[in-house]
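Single-structure report; data block below.
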Amino acid sequence: QSAAVLIDEERLDYSDADLDEPVSGHLALITILEVSGRRLGVANTHLKWAPPGTPHSDHLGARQIDELSALCAAHSCASWVICGDLNCTADSSILDGVRAAGLVDAHGGLASPTCNANGNLRKLDHVFITGDMLADTAPIEPIDESTALPSSCHASDHLPVQVTLRWRYVYSGDGL
């Protein structure tokens, strides 16, 4: 197991203003790490929510993830983790750009809810990874429609999502 070395860090303030709305204030934090001789990019963000049925071109969260995806593609990292409160389900078309870039849901599409908004349970918090990584996922604490979030046990209105990542292929140094 090797330590991660910080190579670079960047803050992306989304330029998501339009004619009717000012800039949202949402952002992404990006770190570029070197782990076991490989560059790994990690982006954490909170996308803006929009009502279901909002057209892609009008959806601030869609524009934000598209901007983040473009920034990630500009970095020289073959491996990426994009995670956070993405304010959409894993099968949402909002995430088409992330999936088109080759990232997959680290939880394998499991839909354990991470948020209870007015009795509406949904998994809105995600970890997407590139195909050269494997994820060992920690169970998400079970909640139901009556679970209050935030609460005295949970400071957020979302539950934490945890994964342990490892490289799918490990270079052994002997050419194999």
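The values are calculated or read from the model by the stated rules, or taken from the named source; none is laboratory data. Note that the structure is predicted; figures quoted are calculated from it, not measured. So basically every Cβ, Gly included, is an ideal-geometry build from the backbone, and we count neighbours across all protein chains shown. Protein only, heavy atoms only, side chains kept; ligands, DNA and RNA dropped before computing areas. Shrake-Rupley method; radii C 1.70, N 1.55, O 1.52, S 1.80 Å.
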_Residues whose placed amide H lies under 5 Å from that of residue 80, excluding near-sequence neighbours_ = 41, 130
*asked:* Two decimals, Cα atoms only, Kirkwood Rh: what is Rg/Rh over the range 81-157?
replied: 1.00
*In debye, nearest 20, what is the charge dipole magnitude of the range 1-148 about its Cα centre with +1 on Lys and Arg Cβ and -1 on Asp and Glu Cβ, if you could check?*
320 debye
*asked:* Could you tell me the relative contact order of the chain? Use alpha-carbon pairs under 8 Å, at least six residues apart, and round to a whole percent.
replied: 15 percent
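Gain in length, residue 31 to residue 163, computed as 0.36 nm per residue apart minus the alpha-carbon separation, to one decimal in nm?
45.8 nm
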_Over all directions, how big on average is the projection of the convex hull of the alpha-carbon atoms in the chain, in square nanometres?_
11.8 nm²
*May I ask you to evaluate 6.51 cos²θ - 1.76 cosθ + 1.60, the Karplus curve with θ = phi - 60°, for each residue of the range 38-50 and list the ³J(HN,Hα) values in order in whole Hz, giving x for glycine and proline?*
10, 8, 10, x, 10, 10, 10, 8, 10, 7, 6, 7, 9
*What list of ³J(HN,Hα) values in whole Hz, one per residue of the range 7-19 in order, does the Karplus curve 6.51 cos²θ - 1.76 cosθ + 1.60 (θ = phi - 60°) give from phi, with Gly and Pro shown as x?*
9, 7, 9, 8, 10, 10, 8, 4, 9, 10, 5, 9, 4
*Of the listed peptides 5-13, 131-139, 111-119, what is their order by residue-averaged count of other C-beta atoms within 10 Å, with the highest listed first?*
111-119, 131-139, 5-13
_Using Cα springs under 10 Å in a Gaussian network model of the chain, which residue among 31, 54, 89 shows the largest mean-square fluctuation?_
54
_What number comes out for accessible area per residue over the chain if the probe is 1.4 Å? Units Å², please._
56 Å²
*Treating the angle as unsigned and between 0 and 90°, give the value, to the nearest 10°, between the Cα long axis of helix 60-74 and the longest Cα principal axis of the chain.*
10 degrees
*Out of the DSSP beta bridges found with both residues in the range 37-176, what percent are antiparallel (nearest 5)?*
70 percent
*Using θ = phi - 60° and the Karplus curve 6.51 cos²θ - 1.76 cosθ + 1.60, what whole-Hz ³J(HN,Hα) does each residue of the range 91-108 get, with Gly and Pro shown as x?*
8, 5, 5, 4, 9, 4, x, 5, 5, 5, 7, x, 8, 10, 5, 4, 8, x
*Run the accessible area of the chain with a 1.4 Å probe and give the carbon-and-sulfur part as a rounded percent.*
54 percent
